[in-house]
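A.B. asks: Structure provided below as structure tokens; questions to follow.
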Amino acid sequence: MEAKKGFYITTPIFYPNAKLHMGHAYTAVLCDSVARFHRSRGEDTYFLSGADEHSEKVVRAAAAAGVPLQEYLDRIVENFHALYALLDVSIDQFIRTTDQTVHWPGAQEMWRRMVAAGDIYKATYRGWYCVGAESFVQEKDLRAGGLCPDHDEKPVLMEEENYFFRLSKYAPLIADKITRDELRIVPETRKREILSFIAQGVEDISFSRPREKVTFGIPVPDDPSHRMYVWCDALANYITALGYGREDTALFQTFWPADYHVIGKDILRFHAVVWPAMLLSANLPLPRHILVHGMITSGGRKMSKSLGNVIDPMALVEAYGTDAVRYYLLREISPFEDGDLTVEKFHEVYHAHLANGLGNTVARITAMASQHLEAPPEVPLLPLPARYVRAFEACDVKTAADYVWEEIAALDRTIQETQPFKLVRIDRTAAQEVLRDLVVRLAQVGRLLAPLLPRTAAAIAEAVRANTKPPALFARKEALPTLPLP
Ligand code: MSP
């Protein structure tokens, strides 16, 4: 194994063609909790996110908004940052593919290495290109009316000279590495899916577009009449962010290969086939895991701008608070399956598990403790429970959260069984003993909550330290808020 020292986790880089919706927020919050877990164990951790800017989708969105391209990009990226701040998404770097200093040198260096390996060649391409997917679509896969299988639009017929990448050459080796979990695809169902995709045969892929056919993009080294294909450009972000192709490669030495690329299932082929092939061609190590999460649906349909069922995470945070949104994403949705989110469901869960659940438990324990204990108890630093650690190590954040909520339920049971509020009138010393035990366990719950709900965790730690009852962590809401639909 390589001698790298740190833990590295990435989100996909998002197209800045619209504000981020709940589906995107999901990936970011999931990665964030895993990054926080690793940091909390004292590991050197790097968490990367960013924007995939050289996309014709973005160009169309800017034109539709009537805003100059650069201004549009800056505005949307600003909005990404604002959302991350609202959701406590603790990224170490936000990379933009239009960044000519950070990103371009490494993307071009990678291209040169692929050329040197004999894996880039010129050929004429004729086929259907879908801008929504930013990829060619095979004629046999088109839906009725000639529509893209995944997008409600008609691909355009293109015939042009492109540079191609010899993806076919690497497919067998990649299948082998995936089979042996050297490149581990999680969950198992996605591993099988990608292996059967590769087994059907992988063709070479177009990796450039003539300069005049695209609005912007990274110039192909030694041939400025071509721009790199947006996926070739985008995938390289995972290493250019670490300094690959630049002078200072300290981050690259410490963090590459990535421990986890976290992605949605719709971009699995790019990450599990194209990206590993690019790395093999450039003679670089492959990422260790690709975690493929499901889609956030709303009322059973994939949340997407084109379907008009997106929920704006900012509005939800405004109405219920940061940790309520994080809670829903991390506990109510499994990282390995699709998960549904409607405002009604959110409202219900908020009251059941936060206002009446955790919030109530914290209030009861701290109220009794501050009343009946003269001083806060000594809180020992307990080891992290093995099941919780294992879950986080596998990015199975829901299972980690389940564990914490079992502890919260156990606290409630202890309160039920011991009734310290009654006991205190009969045997004050015994009641104080019970309360000290409850506070110590609550402190541990707070510690386990830190990667999941950092604000709540801090509030619990502070309440325990000061032996006070904090203001309501999750206030009850009268009615369903009406969220502004974007
Ligand atoms: N720019 C590419 C990724 C390049 S990575 C080198 C892209 N961008 S995207 O903005 O369209 O999507 C980014 C991620 O958001 C993908 O992982 C996608 O699966 C995810 N999601 C988009 N809609 C989603 C849901 N409704 N639910 C969960 N994730 C969703 O693809």
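The values are calculated or read from the model by the stated rules, or taken from the named source; none is laboratory data. The model shown is predicted, which means the values in this text are computed figures rather than measured ones. Cβ atoms come from the backbone with ideal geometry, glycine included; neighbour counts cover every protein chain shown. Surface accessibility is based on the protein's heavy atoms, side chains included, excluding ligands, DNA and RNA. Shrake-Rupley method; radii C 1.70, N 1.55, O 1.52, S 1.80 Å.
A.B. asks: Within the stretch 316-323, is there a residue that is in a loop (DSSP other than H, G, I, E, B) and assigned by TED's automatic domain parsing to the domain that holds Thr399? Steps first, please.
C.D. replies: So the first thing to find is which residues in the stretch 316-323 are in a loop (DSSP other than H, G, I, E, B), and the list is 321.
Still in the running and assigned by TED's automatic domain parsing to the domain that holds Thr399: none.
Scanning the stretch 316-323, I find no residue that is in a loop (DSSP other than H, G, I, E, B) and assigned by TED's automatic domain parsing to the domain that holds Thr399, so the answer is no.
A.B. asks: Please indicate, with yes or no, whether at least one residue in the stretch 350-357 is among the aliphatic types (A, V, I, L, M), more than 15 Å from Leu449 (Cβ to Cβ) and open to solvent by 70 Å² or more (accessible area, probe 1.4 Å). Full working, then the answer.
C.D. replies: Taking the stretch 350-357 first, the residues among the aliphatic types (A, V, I, L, M) are 352, 354-355.
Adding the requirement that they be more than 15 Å from Leu449 (Cβ to Cβ) leaves 352, 355.
With open to solvent by 70 Å² or more (accessible area, probe 1.4 Å) added as a condition, the list becomes none.
The answer is no, given that none of the residues of the stretch 350-357 is among the aliphatic types (A, V, I, L, M), more than 15 Å from Leu449 (Cβ to Cβ) and open to solvent by 70 Å² or more (accessible area, probe 1.4 Å).
A.B. asks: Could you grab me the full set of residues in the stretch 220-237 that are outside any strand (DSSP E or B) and hydroxyl-bearing (Ser, Thr, Tyr)? Full working, then the answer.
C.D. replies: First, the residues of the stretch 220-237 that are outside any strand (DSSP E or B): 221-222, 229-237.
Listed by number, the list holds a single entry, Tyr229.
A.B. asks: From the list Ala258, Ala234, exactly one residue is closer than 24 Å to Met158 by Cβ, within 15 Å of the ligand (Cβ to nearest atom) and in contact with a Phe, Trp or Tyr (Cβ under 9 Å, 6 or more places away or on another chain). Which is it? I'd like the intermediate steps shown before the answer.
C.D. replies: Working: Ala258 fails: closer than 24 Å to Met158 by Cβ.
Checking each option against the conditions leaves just Ala234.
A.B. asks: Looking at (1) open to solvent by less than 40 Å² (accessible area, probe 1.4 Å); (2) assigned to a loop (DSSP other than H, G, I, E, B), which is the only condition Asn283 fails?
C.D. replies: Unmet for Asn283, out of (1) open to solvent by less than 40 Å² (accessible area, probe 1.4 Å); (2) assigned to a loop (DSSP other than H, G, I, E, B): (1).
A.B. asks: A further question follows. With the requirement that a residue be of a type in the set (S, T, N, Q) and either over 24 Å from Arg436 (Cα atoms) or surrounded by fewer than 18 Cβ atoms within 10 Å (Cβ to Cβ) (or both), what does the stretch 358-368 give you? Working first, answer last.
C.D. replies: Just the residues of the stretch 358-368 that are of a type in the set (S, T, N, Q), to begin with: 360-361, 366.
Hit for the stretch 358-368 is Asn360, nothing else.
A.B. asks: To continue, here is another question. Report yes if Thr482 is crowded, with 17+ Cβ neighbours inside 10 Å and either over 20 Å from Thr366 (Cβ atoms) or in contact with a Gly (Cβ under 9 Å, 6 or more places away or on another chain) (or both), otherwise no.
C.D. replies: In short, no.
A.B. asks: A follow-up question, please. How many residues does the stretch 7-52 hold that are touching an Asp or Glu at 6+ places or on another chain (Cβ under 7 Å), within 18 Å of Thr254 (Cα to Cα) and open to solvent by less than 10 Å² (accessible area, probe 1.4 Å)?
C.D. replies: Qualifying residue count for the region: 4.
A.B. asks: Kindly indicate which of Ile95, Ile91 is in contact (Cβ under 8 Å) with a residue 12 or more places away in the chain, assigned by TED's automatic domain parsing to the domain that holds Ala18 and assigned to a loop (DSSP other than H, G, I, E, B).
C.D. replies: Numbers: Ile95 fails: assigned to a loop (DSSP other than H, G, I, E, B).
Result: Ile91 is the single residue among Ile95, Ile91 that is in contact (Cβ under 8 Å) with a residue 12 or more places away in the chain, assigned by TED's automatic domain parsing to the domain that holds Ala18 and assigned to a loop (DSSP other than H, G, I, E, B).
A.B. asks: Follow-up question, since we're still on this one. Is one or more of the residues making up the stretch 182-202 part of a loop (DSSP other than H, G, I, E, B), charged (D, E, K, R) and surrounded by fewer than 17 Cβ atoms within 10 Å (Cβ to Cβ)? Lay out the reasoning, then the answer.
C.D. replies: We begin by selecting, within the stretch 182-202, every residue part of a loop (DSSP other than H, G, I, E, B); these are 182-183, 187, 200-202.
Keeping just the survivors that are charged (D, E, K, R) gives 182.
The next check asks that each one be surrounded by fewer than 17 Cβ atoms within 10 Å (Cβ to Cβ); those that pass are 182.
Yes, because at least one residue in the stretch 182-202 is part of a loop (DSSP other than H, G, I, E, B), charged (D, E, K, R) and surrounded by fewer than 17 Cβ atoms within 10 Å (Cβ to Cβ).
A.B. asks: Here's a follow-up. Within the stretch 4-56, how many residues are more than 10 Å from the ligand (Cβ to nearest atom), among the small types (Gly, Ala, Ser) and part of a loop (DSSP other than H, G, I, E, B)?
C.D. replies: Residues meeting the conditions: 2.
A.B. asks: Within the stretch 102-158, how many residues turn out to be assigned to a strand (DSSP E or B) and under 20 Å from Lys57 (Cα atoms)? If you could, list the steps in order and put the result at the bottom.
C.D. replies: From the stretch 102-158, those assigned to a strand (DSSP E or B) are 120-130, 135-137, 156-158; that's our starting set.
In the following step, the residues that additionally are under 20 Å from Lys57 (Cα atoms) were identified as 127-130, 135-137, 156-158.
Count: 10.
A.B. asks: Kindly list the number of the only condition in (1) acidic (Asp, Glu); (2) buried (at least 21 other Cβ atoms within 10 Å of the Cβ); (3) within 15 Å of the ligand (Cβ to nearest atom) that fails for Asp266.
C.D. replies: Of the numbered conditions (1) acidic (Asp, Glu); (2) buried (at least 21 other Cβ atoms within 10 Å of the Cβ); (3) within 15 Å of the ligand (Cβ to nearest atom), the odd one out for Asp266 is (2).
A.B. asks: Can you name the number of the only condition in (1) closer than 30 Å to Ala107 by Cβ; (2) within 18 Å of the chain's Cα centre (by Cα); (3) outside the structural domain of Thr240 (by TED's automatic domain parsing); (4) of a type outside the set (Asp, Glu) that Arg288 fails?
C.D. replies: Arg288 satisfies all of (1) closer than 30 Å to Ala107 by Cβ; (2) within 18 Å of the chain's Cα centre (by Cα); (3) outside the structural domain of Thr240 (by TED's automatic domain parsing); (4) of a type outside the set (Asp, Glu) except (3).
A.B. asks: Might you let me know whether the stretch 272-280 holds any residue that is open to solvent by 10 Å² or more (accessible area, probe 1.4 Å) and more than 11 Å from the ligand (Cβ to nearest atom)?
C.D. replies: Looking for residues that are open to solvent by 10 Å² or more (accessible area, probe 1.4 Å) and more than 11 Å from the ligand (Cβ to nearest atom), one finds at least one in the stretch 272-280, hence yes.
A.B. asks: Inspect all residues belonging to the stretch 289-297 and state whether any of them is within 14 Å of the ligand (Cβ to nearest atom) and in a loop (DSSP other than H, G, I, E, B). Don't jump to the end; show me each part of the working.
C.D. replies: First, pick out the residues of the stretch 289-297 that are within 14 Å of the ligand (Cβ to nearest atom): 290-297.
So of that shortlist, the ones also in a loop (DSSP other than H, G, I, E, B) come out as 294-295.
Yes, the stretch 289-297 contains at least one residue that is within 14 Å of the ligand (Cβ to nearest atom) and in a loop (DSSP other than H, G, I, E, B).
A.B. asks: Determine whether Leu307 is open to solvent by 10 Å² or more (accessible area, probe 1.4 Å) and closer than 26 Å to Arg112 by Cα.
C.D. replies: On the way: open to solvent by 10 Å² or more (accessible area, probe 1.4 Å): yes; closer than 26 Å to Arg112 by Cα: no.
Spelling it out, it is not the case that Leu307 is open to solvent by 10 Å² or more (accessible area, probe 1.4 Å) and closer than 26 Å to Arg112 by Cα.
A.B. asks: Now a separate question. Restricting attention to the stretch 118-146, which residues are open to solvent by 40 Å² or more (accessible area, probe 1.4 Å), at pLDDT 90 or above and of a type outside the set (Val, Ile, Thr)?
C.D. replies: Tyr121, Lys122
A.B. asks: Mind telling me which of the residues Pro155, Pro219, Pro210, Pro224 ends up being open to solvent by 40 Å² or more (accessible area, probe 1.4 Å), more than 16 Å from the ligand (Cβ to nearest atom) and over 26 Å from the mean Cα position of the chain (by Cα)? Full working, then the answer.
C.D. replies: Numbers: Pro155 fails: open to solvent by 40 Å² or more (accessible area, probe 1.4 Å); Pro219 fails: open to solvent by 40 Å² or more (accessible area, probe 1.4 Å); Pro210 fails: open to solvent by 40 Å² or more (accessible area, probe 1.4 Å).
None of the other options fit; the residue is Pro224.
A.B. asks: With in the same structural domain as Ala410 (by TED's automatic domain parsing) and either out of contact with any helix residue (DSSP H, G or I) (no Cβ under 8 Å at 6 or more places or on another chain) or within 30 Å of Gln108 (Cβ to Cβ) (or both) as the only criterion, which of Ala272, Ala355 stands out?
C.D. replies: On the way: Ala272 fails: in the same structural domain as Ala410 (by TED's automatic domain parsing).
None of the other options fit; the residue is Ala355.
A.B. asks: Please identify the pairs in which a residue from the stretch 446-467 that is open to solvent by 10 Å² or more (accessible area, probe 1.4 Å) has its Cβ atom under 8 Å from the Cβ atom of a residue that is among the acidic types (Asp, Glu) and assigned to a loop (DSSP other than H, G, I, E, B), counting only partners at least 6 apart or on another chain.
C.D. replies: Every condition considered, the pairs that remain are Pro454/Asp88; Arg455/Asp88.
A.B. asks: Looking for whichever is within 24 Å of Val186 (Cα to Cα) and either not aliphatic (A, V, I, L, M) or not in a strand (DSSP E or B) (or both) here; the options are Leu268, Leu251. Which one fits? Break it down into steps so the answer makes sense when it comes.
C.D. replies: Values: Leu251 fails: within 24 Å of Val186 (Cα to Cα).
None of the others qualify; the one that does is Leu268.
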